[in-house]
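FYI, it's all coordinate maths here, none of it is from the lab. Model, not experiment: these values are computed from the prediction. Here Cβ is always computed from backbone atoms with ideal geometry, including for glycine, and neighbour counts include all displayed protein chains.
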Amino acid sequence: MGNILGGLVLFLMLSISTLLSDDMIKLMITITEYKAHTLTAYDIFIRGIFANFFINISIIVSMHFKEAFPKMLVLMIGVTIFAYMGYEHVIANGIIFTGPVVNGINSEYYLDIIKKYFYEWSR
């Protein structure tokens, strides 16, 4: 819930500034529509598990190094794999789904976004 409220505050501040371009808002809406309509709650949950797996493996491997640079390199590789594979960062979804709500997504998508927030397993 804290991420959702933080996302609302963030995007309310961004909506009164000139930091978000129209292209950025369109991309954010496209991503949200894809996640709200194409992916099921199960898909997001499983992708979140695999994302967590890659991050945890990276953390465990980085603990075997003493110097900062190899630790940083291993963690960067783990995050790159997780991002490249298209896995979900479910904590970030709370913020990603909030952005289009503040910046003009159609109201027909609100219910799907709310379902994804709370992982309704109805599909």
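Details
- Normalised by residue count, region 1-111 yields a Cα convex hull volume of 133 Å³ per residue.
- Protection-proxy order for peptides 43-53, 8-18, each taking the mean of Cβ atoms within 10 Å per residue, highest first: 43-53, 8-18
- For ASN56 and ALA92, the difference between the fully extended length at 0.36 nm per residue and the C-alpha to C-alpha distance is 11.2 nm.
- Relative contact order computed over region 1-100 (Cα-Cα under 8 Å; 6+ residues apart), in percent: 49 percent
- In sequence order, calculated HN-Hα J values of region 60-77 (Karplus, 6.51, -1.76, 1.60; Hz; x Gly/Pro): 4, 5, 5, 5, 7, 9, 9, 7, 6, 4, x, 4, 5, 5, 5, 5, 5, 5
- Restricting region 2-96 to GluC sites (Glu not before Pro) in coil, as DSSP defines it, with at most 10 other Cβ within 10 Å: GLU67
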